[in-house]
Amino acid sequence: MVDTIDPAPLITDNAKDFADALPEEGCSLIGLDLGTKTIGIATSDAGWRFATAGETLAKAKFGKDAARLQEIITKRQIGGIVLGLPRNMDGSEGPRVQSTRAYATNLSQTLRLPILLWDERWSTISAERAMIDQDTSRAKRAKRIDSHAAAVILQGALDALAGAAI
């Protein structure tokens, strides 16, 4: 008998490849806005039409963060992760992108789900403008901005997945 090593799930920046790696039906997606101090979380419906802001986790050690994410993944029947990729405004990749890619590798190995790396430029600004338009107080915006940015990231990916003719 030959031992086979279960390959790590896909990590990609291609929406079509990500869609191909997802379960056939009935799963939601989770969007993450990875910051230096917090992780904004959003989830989608099972039809991949709408992203909804969720909670914001105070970052701790990776194991604790992964355990909390696993709880959400199990509860919401998540089939894939959309992780914001913090490219520079000119599209280049700096140290934060390298850190995010390393985090994606760790998530992939721990949570065993495909990961789509999604360009997050403008996500926080878009989220803040939307919250201002909704007349959200400055204090509430400060508490919720990361999860709303995660929703912007996830919605962008959902729109791309819809356009990928899955």
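The values are calculated or read from the model by the stated rules, or taken from the named source; none is laboratory data. Note that the structure is predicted; figures quoted are calculated from it, not measured. All Cβ positions, even for glycine, are placed from backbone atoms using ideal geometry, and neighbour counts span all protein chains on display.
Checking the structure you have, find out if any residue of segment 117-140 is at positive phi and modelled with pLDDT of 75 or more.
Looking through segment 117-140, none of the residues is at positive phi and modelled with pLDDT of 75 or more.
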Members of segment 80-97 found to be closer than 23 Å to ARG112 by Cα and either modelled with pLDDT under 85 or in a strand (DSSP E or B) (or both), listed by number = GLY80, ILE81, VAL82, LEU83, GLY84, LEU85
Would you mind telling me which numbered condition in (1) within 20 Å of ALA162 (Cβ to Cβ); (2) surrounded by 14 or more Cβ atoms within 10 Å (Cβ to Cβ); (3) among the acidic types (Asp, Glu) ASP45 fails?
-> (2)
Got a sec? Which of ASP33, ASP17, ASP65 is part of a helix (DSSP H, G or I) and in contact with a strand residue (DSSP E or B) (Cβ under 8 Å, 6 or more places away or on another chain)?
-> ASP65
